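What follows is one structure encoded as structure tokens, with my remarks underneath.
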Amino acid sequence: MASQDIAVSVDQVVKHYGNFTALHGVSLDIRESEFFTLLGPSGCGKTTLLRAIAGFESVSEGHILLKGEDLTGLPPHQRPVNTVFQQYALFPHMTVLENVMFGLLRKGWSKVEAVRRGQDVLDLVQLAEFAKRKPTQLSGGQQQRVALARALAPRPEVLLLDEPLSALDLKLRQSVRSELKALQRETGIAFIFVTHDQEEALTMSDRIAVMSNGRVQQIGSPKEIYEAPVNRFVADFVGETNLLDVEIASIDGGTASVVLPGGTPFTCPAATVLDPGRGHLSARPERIRITAPGDAHLDAVVTGHTYLGTDIQLQVRLSDGEVMSVRLQNSETTSVPEVGQTIGLQLEEGAARLLAD
Amino acid sequence: MAAGAPMGAGTSSHIYEGNAPRLMAPSWIFIGFFLLAPVIMMAVYSFLTKEFRGGVIWEFSLAAYDQFFFDRGLFGDEPPSIEWTYIGIFWRSIWQAGLATFVCLLIGFPTAWFIATRDPQSRSIWLFLVTIPYWVNLLIRTVSMKFLIRDTGPLNEFLLQVGVIGEPLGLINTNFAVQLGLFYSYLPFMVLPIYAAVERYDFALSEAAADLYSGAWTTLRLIILPVVKPGIIAGCILVFVPSLGAFLAPDLLGGAKTFMIGSLIEEQFKGNAGNWPFGAAASMILLTIVLCILLVYARNQNKTEIR
């Protein structure tokens, strides 16, 4: 890819806090006009990386480039990126419009132009009629939109979003997701979005970087991340999965032959080149079919049901004692096996993957 | 709780509603005895006639206020002209108190900022250190200050010994000495409310400002100061008001040249030589000035709330 298509380039960034290393040589490229998500559990370094791009954290080693320009060492107020903060950090003594105009005035816009631009951006987030209110007079969702408008007003090269939806309630969060995605398409600005919520990441992102322990585990589209996780961590963190302990018979290129618990041979895609021995097979609960016992990949006993509304989740136990879950769509035609019944489990070919640890 | 209050009906505050006057009674009695009564007594005394050996004669008179504002000559028979002596003392006091407040703010704000930005454990240690001087009586502290800065005191002796100065600085009995006394007496009153405000300050606001192209000084001016303003104003009031009425520091450190309101009032009630109605009148005038300043502040505060 040509370098002018890259908005932000993170190059071998290391961050130490005393003895603790928050980022172990992270490298990734964020493209222009891309919705890019940093996904991971708390403490994985995603927020540290975002703050390093914004300039709130210095980096111990490595470089961060914005459109080819090295940002390393520049203070936050000299970086043409803006942030939407987790708790919004709206200025409480200013009106909504004054909040939105703040960055413009600091950049030297005239008051008249700043007012015009401020009102345009408030229009964009549908808050025009609230311009004269104070932030405390707004609901959480409205405050979130003010924070968004304030960060978008100065037309940043890149917009950084630090878990901006985490303070909203579930229903609101879901509607804001699609709004946010639409806004990103409309403005064409690259968004770097930090979250620990895999559903948010999957629904909004063009690409996701899954992080853990200060390292990038995998970068890819939501589909790649979900369907072709490279290791156990990614498979387990993004969505739900069953990890089966299997014996690896042989590996040839991207395909492995394994022996399932119970002795059935099985062929599946393998994430990376692995040594023969034991490995983990990831099978998503919704990619497992229930059949008659005997000639299926696995035999199992049903130990419980969980009603999830759209789905019904079965807890099953294999003969070696390992526990798995299987999802059935909740419909008229689905027959749900009884607790205690022995069933066969058929893994979908190609959907179960052998993973590196 | 009073009998018959309906339990479980409406909110819990509903239960207390009918009892509000009774529950408020202790505070009203306290305020009445220790605040209203003294002020009313003072107001009444300021309109009485003075007794020569202290005390008052119960006879209505405007003499005290007349003496404060008008000069009628040595025998009181000349046509009245404005008496500048007391107005001058008041003016100088306001100026001194204002300057002391400003100096306290200048030192107190960074101090409070420093303390509020330490980690929580060391914060309490710093706050403790700030309040330590208050374990010693104000009089003792002021006298000690006098001993420290007088011509033969340790400060001058040290500077002479080191050779920085050739002769004692002559600090005692100057405005500077009074300022030093006021500053030392009231600095914690500035530090504590500002500390409380800064401690509540959300530092994400500073980050947001920096993110929006604002340098450190601009952030201080446009974000930090406006947000912690209530603490700053509370600190200024807490320093200004007692500085205005202070008499220990001006008396002990300032001498005759720096005579302030506090000393003027104090003299009227000391021994047998005083003039109680005049002291009361001066107190009433002082009270009025302070009240006016606070009202102007409250007014502005309301305006910014509404805007």
- Message: I'd like the distance separating the alpha-carbon centroids of the stretch B:81-105 and the stretch A:266-333, in whole Å.
- Response: 86
- Task: Compute the relative contact order of the stretch A:240-355 as a whole-number percentage, counting only Cα pairs closer than 8 Å that sit 6 or more residues apart in sequence.
- Result: 30
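Over chain A, what is the mean sequence separation of C-alpha contacts under 8 Å (at least six apart), divided by residue count, expressed as relative contact order in percent? Before the final figure, lay out the partial values.
Working: 773 pairs, mean separation 54.9, N = 357.
It comes to 15 percent, rounded to a whole number.
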- Message: What are the extents of the Cα atoms of the stretch B:157-199 along their three principal axes, in Å, largest first?
- Response: 46, 22, 10
- Note on the structure: For the stretch A:240-355 (alpha-carbon point model, no solvent) the Debye-based log₁₀ I(q)/I(0) at q = 0.17, 0.18, 0.23 Å⁻¹ works out to -0.79, -0.87, -1.28
- Query: In Å, what is the Rg of the alpha-carbon atoms in chain B, and how long is Dmax?
  - Reply: 24.9, 83
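Which of the trypsin sites (Lys or Arg not before Pro) found in the stretch B:30-123 are loop residues per DSSP with 11 or fewer other Cβ atoms within 10 Å of their Cβ?
Within the stretch B:30-123, the qualifying trypsin sites (Lys or Arg not before Pro) (loop, at most 11 other Cβ atoms within 10 Å) are B:Arg53.
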- Task: Report, largest value first, the span of the C-alpha coordinates of the protein assembly as shown along each principal axis, in whole Å.
- Result: 126, 78, 52
- Could you tell me whether the stretch B:83-152 comes out rounded, prolate or oblate from its Cα gyration tensor? Rule is a ≥ b ≥ c as square roots of the eigenvalues, rounded for a/c under 1.5, then prolate if a/b exceeds b/c, otherwise oblate. oblate
- Message: Between 0 and 90 degrees, rounded to the nearest ten: what's the tilt of helix A:96-106 against the longest Cα principal axis of chain A?
- Response: 70
- Taking every other residue with Cβ under 11 Å from the Cβ of A:Asp299 and scoring Lys and Arg +1, Asp and Glu -1, one gets -1
- In whole angstrom, how far apart do the alpha carbon centroids of the stretch A:186-252 and the stretch A:1-78 sit? 19
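Taking the Cα centre of chain A as origin, work out the dipole magnitude from +1 charges on Lys and Arg Cβ and -1 charges on Asp and Glu Cβ, in debye rounded to 20.
Details: 33 positive and 43 negative charges, 363 e Å.
I would put it at about 1740 debye.
At 0.36 nm per residue, and after removing the present C-alpha to C-alpha distance, how many nm does the segment from A:Thr291 to A:Thr310 gain when stretched out fully?
Numbers: separation 19, 0.36 × 19 = 6.84 nm, distance 2.11 nm.
My answer for the length gained is 4.7 nm.
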- In nm, the gap between the two label points placed 7 Å beyond Cα toward Cβ at B:Ala196 and A:Thr187 is 4.0
- Where GluC sites (Glu not before Pro) fall in DSSP loop in the stretch A:1-83, at most 15 other Cβ within 10 Å: A:Glu32
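For each pair in A:Lys46/A:Lys223; A:Lys111/A:Lys181; A:Lys132/B:Lys229, compute the distance between the two Cα atoms and list the pairs where it is over 24 Å. Intermediate values should be presented prior to the final figure.
Working: A:Lys46/A:Lys223 21 Å; A:Lys111/A:Lys181 30 Å; A:Lys132/B:Lys229 21 Å.
Listed pairs above 24 Å: A:Lys111/A:Lys181.
Taking the stretch A:125-220, which GluC sites (Glu not before Pro) meet the DSSP loop condition and have no more than 11 other C-beta atoms within 10 Å?
On the way: sites: A:Glu129, A:Glu157, A:Glu179, A:Glu186, A:Glu199, A:Glu200; in loops: A:Glu157.
Loop-located and lightly packed - none at all.
Okay, helix-only estimate at 222 nm for the protein assembly as shown: each DSSP H run of n ≥ 4 adds -39500 (n - 2.57), divide by all residues, round to 500 deg cm²/dmol; what do you get?
On the way: 22 runs with 283 residues, N = 664.
Rounded to the nearest 500, it is -13500 deg cm²/dmol.
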- What is chain B's relative contact order, in percent, from Cα pairs under 8 angstrom and six or more apart in sequence? 26
- Task: Just check the stretch A:1-93 against the gyration tensor rule for me: Cα atoms, a ≥ b ≥ c as the square roots of the eigenvalues, rounded for a/c under 1.5, and otherwise prolate or oblate depending on whether a/b exceeds b/c.
- Result: rounded
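Remind me, what semi-axes does chain A give for its equivalent ellipsoid, largest first in whole Å, using sqrt of 5 times each Cα gyration tensor eigenvalue? Spell out each step's value before the answer.
On the way: eigenvalues 416, 126, 45 Å².
Listed largest to smallest, the semi-axes of chain A are 46, 25, 15 Å.
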- A student applying the Cα gyration tensor rule (rounded when a/c is under 1.5; otherwise prolate if a/b is larger than b/c, oblate if not) would label the stretch B:148-281 oblate
- Task: For chain B, give the magnitude of the charge dipole about the Cα centre (Cβ charges: +1 Lys/Arg, -1 Asp/Glu; no others), in debye to the nearest 20.
- Result: 460
- Net charge of neighbours whose Cβ lies under 15 Å from the Cβ of B:Ser81, counting Lys and Arg as +1 and Asp and Glu as -1: -4
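None of the figures in this text is laboratory data; all of them are computed from the coordinates on show. Remember, predicted model here, so these are calculated numbers, not experimental data. Using ideal geometry, Cβ is built from the backbone for each residue, glycine included, and neighbour counts are taken over all protein chains shown.
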